[in-house]
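Here's the structure, in structure tokens; my notes come after.
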Amino acid sequence: MDLTLDADQRDLRAGLRDHLARAWSADRLRAAAEAPASVGDGWRDLAKLGVFALTVPEAAGGVGRGLADAAVVLEELGRSLVPGPLVATLLTAALPDDPVSGAADGGAVVTTLDTADPVPVVEHLGLASHVVIVTDDGLFLLPAERLEAVPVATPLDPLSPVWHVTGPLTGEARGRRIGPAAAAARWRLHGTALTAALQVGVAQGGLDLAAGYARERAQFGRAIGSFQAVKHLLADSLVRVDLARAAVLVAALTVDDPAAGDPDEAVSAAKVLADDAATSGGRSCVQVHGGMGFTWEVLAHLYLKRAWVLETCFGGPDEHARRLADALSA
């Protein structure tokens, strides 16, 4: 299995990285943290770049790429801390029969709620036009305004506002069915792989921020990056990022071609490694910044908080570790 990005993937990554550097600067992220509703301003820009149409078949007007290409894109979005229900909208756009018109071109924003989650919460409900409800027996589509939920006053990640669902999630309250049980299983599998890709990007972004600060910040007449303790923190973060990136690419390629291996095992392994890279790297980023790392102005806390939020999406690391252990014992 070749994990080297081809020319098209490198060009895709470079073009998106340039756009995100302009569109999602540190100042804009801080502004969005203060006013989460402003996130929608950049949604159509992403759609114009083909982000949400990436895995839509060409016959349906999409780009027609596989999950491996989507993983490259999601990593860049995570690296820039782009907020919004990115995974849910991308997955919805790729569903057959176009259940949400406009998901691919930015005219619709879709969030998701999985009934298997221990706490019924949904992110970015104020931004969303629709909610995809995932159950063991299928996928259901509900207009966002019909979901009974109350906003959480102080979400962990200020860029990821959360609503606590208070209404029922059975019968007509789930909306109309848009997919069978197999579609729900595929949604969870692909969503886990893409969330892991986001986590790799978050880990890389935190590492970039920490390494940049270590090169610039001086103590005792030397850059702090020259101190062995700081070097070890950054080196450990780099190893975690590279390992997680490889695991995510393996998972995405295995989903695209199940003959290459077991997609479920590959995706679970990727999620475990990516969660570890993002959360451990986020803590290291805060530590390298020292006292500055605890301030609101420095983005270090946003990388760590995003990592903690994504860690709970599509199954936490403990759940996926248990799945891998069960697979080994079987």
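Quick note: the coordinates plus some simple rules give every number you see, no bench work behind them. The shown structure was predicted, so the numbers you read here are calculated from the model rather than taken from an experiment. Cβ: placed from backbone, ideal geometry, glycine included. Neighbour counts: every protein chain shown.
Residues that are basic (Lys, Arg) and within 23 Å of Leu125 (Cβ to Cβ) number at least 2 in the following helices (runs of 4 or more DSSP H) confined to the stretch 1-70: 26-34. Considering only residues in the stretch 199-224 that are over 14 Å from Leu302 (Cα atoms) and charged (D, E, K, R), the one that is farthest from the chain's Cα centre (by Cα) turns out to be Arg222.
The listed residues are Arg240, Arg215, and the only one of them that is in a helix (DSSP H, G or I), surrounded by 14 or more Cβ atoms within 10 Å (Cβ to Cβ) and either of a type in the set (Lys, Arg) or touching a strand residue (DSSP E or B) at 6+ places or on another chain (Cβ under 7 Å) (or both) turns out to be Arg240. The sole residue among Leu209, Leu233, Leu249 that is in a helix (DSSP H, G or I), touching a Ser or Thr at 6+ places or on another chain (Cβ under 9 Å) and surrounded by 19 or more Cβ atoms within 10 Å (Cβ to Cβ) is Leu233. Restricting attention to the stretch 218-229 and to residues that are among the polar types (S, T, N, Q) and within 16 Å of Gln287 (Cβ to Cβ), the residue that is surrounded by the most Cβ atoms within 10 Å (Cβ to Cβ) turns out to be Gln219.
Taken over the stretch 103-142, the criterion of being farther than 21 Å from Thr170 by Cα, surrounded by fewer than 18 Cβ atoms within 10 Å (Cβ to Cβ) and of a type outside the set (Asp, Glu) is satisfied by Gly107, Gly126.
In the list Asp242, Asp236, which residue meets the criterion of being out of contact with any His (no Cβ under 8 Å at 6 or more places or on another chain) and farther than 28 Å from Val51 by Cβ? Don't jump to the end; show me each part of the working.
Details: Asp242 fails: farther than 28 Å from Val51 by Cβ.
After ruling out the rest, the residue left standing is Asp236.
If you scan the stretch 27-57, which residues turn out to be among the hydroxyl-bearing types (Ser, Thr, Tyr) and surrounded by fewer than 19 Cβ atoms within 10 Å (Cβ to Cβ)? Result: Ser38, single match.
Among the strands (runs of 3 or more DSSP E) confined wholly to the stretch 85-174, which include 2 or more residues that are under 21 Å from Leu46 (Cα atoms) and not hydroxyl-bearing (Ser, Thr, Tyr)?
Passing ranges, in order: 130-135.
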